[in-house]
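Below: the structure, in structure tokens.
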Amino acid sequence: MRKEEVPLKPRGEFGASKVFMDQGGAIRPKSSQDELTSDGFGGCSAISAESNNLFGLYHLRSTLEERDEDEASQYIEYNGLMIKENSVLKPYIDWVKKLGEMAQGERLHFKIGTPHSYDSQQVQENHPYIGMERFLRSVCKGCGIENYDIELVNMRSVTHVSLNSSGLTCYNYGNNEVQVQKAQYQTDEEILEHALSTDQRRLNTKSTVLSSNE
């Protein structure tokens, strides 16, 4: 996951603050003139959060924390979730918890997308990676956040993102704005179901072609 790609493009009078992978994210009050930016996703996901009084951005590597060097680490309960003692997910959980505290009961609107620098029609690549949506639900539950919603976003052709008080904006390699759309499926379960059915159709088609050539 590269931390440097193309120069990020600030908007107007906003000053830019860089958000790095798994480094705790950032949260600003809605009155802030700051702009939160992130790039170098390389398979990571972007999670934004907005309410009437705040906005925040996180660059998440993965919901899978298993690494060779973590094998000896013990599992602990952390804000209602079972994670490893030295889990790379702790900063993400802390970020979500802080959002809940700062929102003070106001509704939080999350957006999750996995940027892909190329265009694709495959189900998996037009949606966040499976696990992102379900894990965020679990984190919200563990942190006692009840007033929220999650929108899954299709971030194909996206290389970097920025967030300010006006909302989330995505860009491609040429620093041109990309108009991202709400993903077709809005839960991990739906993505998994349709991704599997698409793969099965491909296998059936391939099998038919092979049979006709025999």
key: Count of residues meeting criterion [surrounded by 15 or more Cβ atoms within 10 Å (Cβ to Cβ) and under 27 Å from Thr37 (Cβ atoms)] in the stretch 174-187   = 4
task = Starting from the stretch 20-36, keep only residues that are within 12 Å of Glu50 (Cβ to Cβ), then list their pairs with residues that are of a type in the set (Val, Ile, Thr) and modelled with pLDDT of 95 or more whose Cβ atoms are within a distance under 8 Å, requiring at least 6 positions of separation or different chains.
result = Leu36/Val19
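Results for (1) over 28 Å from Val180 (Cα atoms); (2) in contact (Cβ under 8 Å) with a residue 60 or more places away in the chain; (3) touching a Lys or Arg at 6+ places or on another chain (Cβ under 8 Å); (4) exposed (fewer than 15 other Cβ atoms within 10 Å of the Cβ), shown as yes or no for each residue.
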{"site": "Glu77", "(1), (2), (3), (4)": "yes, no, no, yes"}
{"site": "Leu89", "(1), (2), (3), (4)": "no, no, no, no"}
{"site": "Trp95", "(1), (2), (3), (4)": "no, yes, no, no"}
{"site": "Lys98", "(1), (2), (3), (4)": "no, yes, no, no"}
{"site": "Glu101", "(1), (2), (3), (4)": "yes, no, no, yes"}
{"site": "Gln104", "(1), (2), (3), (4)": "yes, no, no, yes"}
{"site": "Arg107", "(1), (2), (3), (4)": "no, no, no, yes"}
{"site": "Phe110", "(1), (2), (3), (4)": "no, yes, no, no"}
{"site": "His116", "(1), (2), (3), (4)": "no, no, yes, no"}
ask   = Before we move on, is Arg134 modelled with pLDDT of 90 or more, surrounded by fewer than 17 Cβ atoms within 10 Å (Cβ to Cβ) and within 20 Å of Ser62 (Cβ to Cβ)?
value = yes
message = Taking the condition of being closer than 18 Å to Gly42 by Cα and outside any loop (DSSP other than H, G, I, E, B), how many residues in the stretch 170-182 meet it?
response = 3
Selected residue [modelled with pLDDT of 85 or more and touching an Asp or Glu at 6+ places or on another chain (Cβ under 9 Å)] from Lys111, Lys97 = Lys111
query = Within the stretch 135-169, can you find the residues that are out of contact with any Pro (no Cβ under 7 Å at 6 or more places or on another chain) and in a loop (DSSP other than H, G, I, E, B)?
reply = Cys143, Gly144, Ile145, Glu146, Asn147, Ser157, Ser165, Ser166
query = Any residue at all in the stretch 8-20 that is modelled with pLDDT of 95 or more and in a loop (DSSP other than H, G, I, E, B)?
reply = yes
ask   = Does the stretch 168-186 contain any residue that is closer than 18 Å to Leu99 by Cα and either without any contact (Cβ under 8 Å) to a residue 12 or more places away in the chain or in contact with a Ser or Thr (Cβ under 9 Å, 6 or more places away or on another chain) (or both)?
value = yes
message = Please count how many residues of the stretch 88-117 are farther than 17 Å from Gln186 by Cα and outside any loop (DSSP other than H, G, I, E, B).
response = 15
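The values are calculated or read from the model by the stated rules, or taken from the named source; none is laboratory data. Treat the numbers as computed from the prediction; the structure is a model and nothing was measured. Backbone-built Cβ (ideal geometry, glycine too); neighbour counts: all protein chains shown.
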